[in-house]
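K.L.:
Dropping a structure here in structure tokens format, bear with me for questions.
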């Protein structure tokens, strides 16, 4: 069945051959309904196992027990069965949307089949490994077959940028602030759609967590699978190389007005006199991001819960270093293996307001949780969680 | 007038009303799998139901879990009557490929240039297995 699914997709997309792959990242183990569980169990019953290294994206259940969710009993049972079935197929129980920070970093130029939109964008753009956007089912089918249809971003000639996204009019203080990269990602995703762009005009070199935030937001507002940053990402030593030494189809000069508009779009509410919760960690927080959280929180007690979503790879280190207990004593709810927009962890509350520094949470929270969203910097998120109301523009 | 579309994935001939989306959509986070309603508050067709419609999709965006939502819609009997895409999208159509593997009847998936979508919107369409699209008059 796995090979039939891979072959049918190849036909659909006009690929005339299959490529061997070195690894996979599987987004398919998140419960959306019983049909996905039944599909995974059908593969298990057929004796399938993965042929290559396959890490798992988040599931619907926090198996570490750090957080609780309110899935009804039937859904809880089916979601647990689904996570179990993917382990039986031989996948690694990483349960994170940031596998690239959990030791799964395919080498430059390698062929892989990755799912989950932010993981795909990071894998292609920051690591320079080659993957298309693998959706649920195709990701596991390719991992079992050890092969993927040869088309799209697997082919080097399709990886060049055609659009220049010039940010030279933006000031450096903004570009090094933590709101800049989700905001730019939102704008980039909407103007680029599924094209490939190269970001130029930077006088700083964005570090990994900024690129992670940019890719995740761009992949939620557009269908971005690959972006280049001139002078930073591996296939873009400079603008001309990223463009394949051809003239760009379009040159977008980003203005401060475009940035202000994008930042406004990330919030769905304004002028609130309270917040009900704060959520950070989409994509999952790195250890460095937890260090920043702890440094800003300074052991203070929160007035509203702050949900900090991460993977086991980070949770184990927080526990080892004795930081988990301190965070939880402050009122931080650590969420591992899953996150607050994919499964019901936030209490159901009509008219509730969520503050977040994640462009991806900002995009998906209104539809998936019912909460309105206020987008803010990490510093403002923490001060607001302490105050229980929006505190905007505090010390950076 | 008949328009010929390319068949991406086979399905049964149908007659149903067309609904043209006027903005790209992410099925995950954009469509509620239990009600078939468009759930993205920022989408222009927010709140409308896609089940039983000939759904004309100009582009897909966002999450790679679109296939799971589409499979769930098929499984729950809430799928569109047919899906017409401006360009083939492996992520979304996987939902139909897997639905077929799991033994469910699946809607026809077609490719048609999005320039036709506005004129087809709201029309009662008769679509053949080979991808001929005709608007019913009267």
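K.L.:
Given the range A:294-396, what strands (runs of 3 or more DSSP E) lie entirely inside it while holding 2 or more residues that are over 24 Å from residue A:263 (Cα atoms) and at pLDDT 95 or above? Outline the logic, then answer.
P.N.:
Details: elements: A:306-310, A:332-336, A:353-356, A:372-375.
Of the strands (runs of 3 or more DSSP E) lying wholly inside the range A:294-396, those with at least 2 residues that are over 24 Å from residue A:263 (Cα atoms) and at pLDDT 95 or above span A:332-336.
K.L.:
Quick one: residue A:31 ticks every box in (1) part of a helix (DSSP H, G or I); (2) within 10 Å of another protein chain (Cβ to nearest Cβ); (3) surrounded by 18 or more Cβ atoms within 10 Å (Cβ to Cβ) bar one, so which box is it?
P.N.:
Result: residue A:31 passes all but (1).
K.L.:
Does any residue in the range A:376-394 that is free of Cβ contacts under 8 Å to residues at least 24 places away in the same chain come within less than 8 Å, Cβ to Cβ, of a residue that is surrounded by 20 or more Cβ atoms within 10 Å (Cβ to Cβ) and part of a loop (DSSP other than H, G, I, E, B) six or more places away or on a different chain, and which pairs are these?
P.N.:
A:392/A:376
K.L.:
Please indicate, with yes or no, whether at least one residue in the range A:104-113 is assigned to a helix (DSSP H, G or I), buried (at least 24 other Cβ atoms within 10 Å of the Cβ), more than 13 Å from every other protein chain (Cβ to nearest Cβ) and at negative phi. Don't jump to the end; show me each part of the working.
P.N.:
Filtering the range A:104-113 for residues assigned to a helix (DSSP H, G or I) gives none.
The answer is no, given that none of the residues of the range A:104-113 is assigned to a helix (DSSP H, G or I), buried (at least 24 other Cβ atoms within 10 Å of the Cβ), more than 13 Å from every other protein chain (Cβ to nearest Cβ) and at negative phi.
K.L.:
In the range A:220-242, which residue that is assigned to a helix (DSSP H, G or I) and modelled with pLDDT under 95 is farthest from residue A:135 (Cα to Cα)?
P.N.:
Taking the range A:220-242 first, the residues assigned to a helix (DSSP H, G or I) are A:220-221, A:239-242.
Those left that are additionally modelled with pLDDT under 95: A:220-221.
Working: A:220: 14, A:221: 17 Å.
By that ranking, first place goes to A:221.
K.L.:
Among the residues of the range B:73-89, which ones are surrounded by 24 or more Cβ atoms within 10 Å (Cβ to Cβ) and either within 11 Å of chain A (Cβ to nearest Cβ) or within 21 Å of residue A:14 (Cβ to Cβ) (or both)? If you could, list the steps in order and put the result at the bottom.
P.N.:
Filtering the range B:73-89 down to residues surrounded by 24 or more Cβ atoms within 10 Å (Cβ to Cβ) leaves B:73, B:79-80, B:82-84, B:89.
Those that are surrounded by 24 or more Cβ atoms within 10 Å (Cβ to Cβ) and either within 11 Å of chain A (Cβ to nearest Cβ) or within 21 Å of residue A:14 (Cβ to Cβ) (or both): B:73, B:83, B:84, B:89.
K.L.:
What are the residues in the range B:52-68 that are modelled with pLDDT of 95 or more and more than 14 Å from residue B:116 (Cα to Cα), if any?
P.N.:
Narrowing the range B:52-68 to residues modelled with pLDDT of 95 or more: B:52-58.
Selection gives B:52, B:53.
K.L.:
Can residue B:127 be described as touching a residue at least 60 places away in the same chain (Cβ under 8 Å) and more than 19 Å from residue A:15 (Cβ to Cβ)?
P.N.:
Numbers: touching a residue at least 60 places away in the same chain (Cβ under 8 Å): yes; more than 19 Å from residue A:15 (Cβ to Cβ): yes.
Answer is yes for this residue.
K.L.:
Let me ask something additional. If I ask for residues that are in contact with a helix residue (DSSP H, G or I) (Cβ under 7 Å, 6 or more places away or on another chain), free of Cβ contacts under 8 Å to residues at least 60 places away in the same chain and more than 22 Å from residue A:101 (Cα to Cα), which ones from the range A:43-90 would you list?
P.N.:
Hits for the range A:43-90 are A:44, A:78, A:81, A:82, A:85, A:88, A:89.
K.L.:
Please find, among B:125, B:78, B:120, B:96, the residue that is closer than 13 Å to residue B:8 by Cα and within 16 Å of the chain's Cα centre (by Cα). Walk me through it before giving the result.
P.N.:
Numbers: B:125 fails: closer than 13 Å to residue B:8 by Cα; B:78 fails: closer than 13 Å to residue B:8 by Cα; B:120 fails: closer than 13 Å to residue B:8 by Cα.
Within the list B:125, B:78, B:120, B:96, the selection yields B:96.
The values are calculated or read from the model by the stated rules, or taken from the named source; none is laboratory data. None of these values were measured; they are calculated from a predicted model. With ideal geometry, Cβ positions are generated from the backbone for all residues, glycine too; neighbour counts draw on all protein chains shown.
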